[in-house]
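Asker: Before anything else, here's the structure in question.
What follows is calculated from the coordinates using simple rules that are stated; it is not laboratory data. The model shown is predicted, which means the values in this text are computed figures rather than measured ones. Note that each Cβ is placed from the backbone with ideal geometry, even for glycine, and that neighbours are counted across all protein chains shown.
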Amino acid sequence: MSAAGTADIRAVCISGNGPTIVSEDGTTLLWNADIPPAETTGSRAEKSLFIPRLLAFRTLFPSRWNSSRYVYSGPEFLIHQLCGGSVTILPESRYAESYWTKTQLLSVSLPEEKLPPFVPVAYNAGNTLPEITVQLSLPHPVPVFCCGPDFVAAMVGTNSLAPGKLYDCAGSSEGVNLCTAVPVTGKGLLSLPSVVPDLWNAAVMQAESGRMFVNFKRIVEAIEERSISYEELISGCISNPGSDGFEILEFVANNLKKSIKLLFDAAAENGLHVELPVVVTGGQAKSGQWMQMKCNYAGVPLAVCNCPDAELIGDAVIAQTGLGTYRSIKDAADAIVKITKVYTPESAG
């Protein structure tokens with residue numbers, strides 16, 4: 001913000017990670033934290049990504065649960081802090097059962113009134129509170145728009161909003177995604193609605209992708225007793241093919257290759273086309289050496305947008321849509337999202 005200058009800021013837009021649960025005092029159960037088994041198998045709540053974590057939060061933090069007017073997901077908690085609004089962002093109406101429905105909540109005795117009401121993507125949750133406006137050095141209050149889960153921000157920020165578009169969310173976990181005109185199912189595939197009505201998103205998830213390398217970095221830093229940049233560490237690993245670090249990078253790159261093949265095979269079985277390159281977003285997109293290695297192993301072109309963390313571009317797209325600058329999310333993405341670098345395979349992995 002200091003680099004851009006606050007005078008030109010017209011809006012704030014918030015996205016964040018998955019079904020993280022937060023009470024009003026900030027007590028947090030992260031989306032990837034271990035939780036007690038939820039008794040949802042065979043019930044109407046089985047399809048929900050949120051209900052097991054809501055049940056776990058109630059069990060682990062009963063006093064926080066009872067004292068909170070609402071419990072939020074991560075992005076919505078930040079929205080509440082910024083503007084005072086209490087909302088739950090539903091990416092698209094078809095996501096209802098992946099979040100919760102009244103029937104699902106009743107089946108596990110969760111009170112509907114504990115959860116903020118659903119609002120759509122690009123919803124204006126209200127203007128920044130006076131104290132927040134001052135804290136952010138804004139000349140005046142600005143609207144706070146709702147983007148939602150980070151995978152929606154990534155979908156929008158890579159402009160993967162037309163059938164055949166591929167994108168790779170490559171952070172602490174990794175998900176390779178294909179936009180389709182029809183639901184695509186199969187072993188290893190997760191099919192969810194797109195943020196665009198009538199389109200779908202087929203995904204292959206690799207839960208431990210980037211986290212493995214993060215843990216390796218911590219070990220190396222502890223051994224060497226100094227801070228090491230990711231670029232230095234990646235360069236060192238790639239130049240030493242026999243190292244543990246290289247083996248981790250190779251494991252992740254091979255998983256990407258398998259994920260892309262799985263999506264290509266599913267597309268072929270369903271008579272769907274696939275459009276290259278695969279647009280990569282997240283921390284892994286910031287290293288040119290790492291991107292080239294992944295590209296070589298995957299055997300297909302990989303691309304990076306005008307911001308490697310394309311989720312941030314997705315937030316900008318949603319904000320501009322909410323402000324009325326563009327008629328639709330797709331129109332805004334077409335205008336704002338630009339591919340700035342394409343990597344092509346140099347050798348077979």
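Asker: Counting only other residues whose beta carbon sits under 13 Å from that of I329, what net charge do I get with K and R as +1, D and E as -1?
Answerer: Details: positive: R327, K330; negative: E92, D315, D331, D334.
Taking every other residue near I329 into account, the sum is -2.
Asker: How much length is gained if the chain between E346 and E113 is pulled fully straight, taking 0.36 nm per residue apart and subtracting their Cα-Cα distance, in nm to one decimal? All intermediate terms of the calculation are to be shown ahead of the outcome.
Answerer: On the way: separation 233, 0.36 × 233 = 83.88 nm, distance 5.59 nm.
Value of the extension gain: 78.3 nm.
Asker: List the GluC sites (Glu not before Pro) within the stretch 1-99 that fall in a DSSP loop (any state other than H, G, I, E or B) and whose Cβ has at most 13 other Cβ atoms within 10 Å.
Answerer: Sites meeting the loop and neighbour criteria: E39.
Asker: First measure r as the distance between the Cβ atoms of N240 and L30, then evaluate 1/(1 + (r/R0)^6) with R0 = 35 Å and state the FRET efficiency to the nearest 0.05. Provide the component values of the computation, followed by the final result.
Answerer: Numbers: r = 33 Å, r/R0 = 0.96.
Once rounded, the FRET efficiency stands at 0.55.
Asker: While we're on this one: Among bridges DSSP assigns within the stretch 1-125, what percent are antiparallel (round to 5)?
Answerer: For the stretch 1-125, the DSSP antiparallel bridge percentage is about 60.
Asker: Quick one: which of K217/K258; K187/K294; K294/K330; K286/K330 span more than 27 angstrom between C-alpha atoms?
Answerer: Those over the limit are K294/K330.
Asker: First check a/c for the stretch 116-265, with a ≥ b ≥ c the square roots of the eigenvalues of its C-alpha gyration tensor; if it is under 1.5, answer rounded, and if not, answer prolate when a/b is larger than b/c or oblate otherwise.
Answerer: Oblate, since a/c reaches 1.5 and b/c is not below a/b.
Asker: Based on the Cβ-Cβ distance from D198 to V134, what FRET efficiency comes out when R0 is 51 Å, to the nearest 0.05?
Answerer: 0.70
Asker: What's the extension gain from R211 to T185 if we count 0.36 nm per residue and subtract their Cα-Cα distance?
Answerer: 6.7 nm
Asker: Shifting gears a bit: Can you spot the aspartates and glutamates whose alpha carbon is less than 14 Å from K338's alpha carbon? Ignore those fewer than 8 places along the same chain.
Answerer: Answer for K338, where 14 Å is the Cα cut-off: D309, E311, listed by chain and number.
Asker: Would you list the P(r) distribution for the chain, with all Cα-Cα distances sorted into 20 Å bins from 0 and each bin expressed as a whole %?
Answerer: Answer for the chain: a P(r) of 28, 58, 15 percent.
Asker: Right, something else. With +1 on each Lys and Arg Cβ and -1 on each Asp and Glu Cβ, how big is the dipole of the stretch 6-148 about its Cα centre, in debye rounded to the nearest 20? Don't jump to the answer; show the numbers that get you there.
Answerer: Details: 10 positive and 12 negative charges, 40 e Å.
Its charge dipole is roughly 200 debye.
Asker: Can you spot the lysines whose alpha carbon is less than 29 Å from K114's alpha carbon? Ignore those fewer than 8 places along the same chain.
Answerer: K47, K102
Asker: Could you give the angle, 0 to 90 degrees to the nearest 10, between helix 244-269's Cα long axis and the longest principal axis of the Cα atoms of the chain?
Answerer: In the chain, helix 244-269 runs at an angle near 80 degrees to the longest axis.
Asker: Quickly rank 153-166, 330-343 as a protection proxy: mean count of other C-beta atoms within 10 Å, highest first.
Answerer: 153-166, 330-343
Asker: Which one, L189, Q289, G271, is farthest towards the positive end of the dipole of the stretch 158-343 when Lys and Arg carry +1 and Asp and Glu -1 on their Cβ?
Answerer: G271
Asker: Calculate, for E250 and L60, the FRET efficiency according to 1/(1 + (r/R0)^6) with r their C-beta to C-beta distance and R0 51 Å; round to the nearest 0.05. Spell out each step's value before the answer.
Answerer: Details: r = 38 Å, r/R0 = 0.74.
Once the sixth-power term is evaluated, E becomes 0.85.
Asker: Here's a follow-up. Rounded to the nearest 500 deg cm²/dmol, what is the calculated helix-only ellipticity per residue at 222 nm for the chain, with -39500 (n - 2.57) per DSSP H run of length n ≥ 4? Mind dumping the intermediate values first?
Answerer: Working: 13 runs with 133 residues, N = 349.
That calculation yields -11500 deg cm²/dmol at 222 nm.
Asker: Hey, what D do you get for the stretch 6-148 in µm²/s if you plug the Kirkwood alpha-carbon radius into Stokes-Einstein at 37 °C and 0.692 mPa s?
Answerer: Details: Rh = 15.8 Å.
Rounded to a whole number, D works out at 208 µm²/s.
Asker: A further question on this structure: Please list, by residue number, everything in the stretch 246-262 whose backbone N is under 19 Å from a paramagnetic label point 7 Å out along Cα→Cβ of I219.
Answerer: 246-255
Asker: Averaged across orientations, what area in nm² does the convex hull of the alpha carbons in the stretch 158-343 project?
Answerer: If I average the Cα hull's projected area over directions, I get 11.0 nm².
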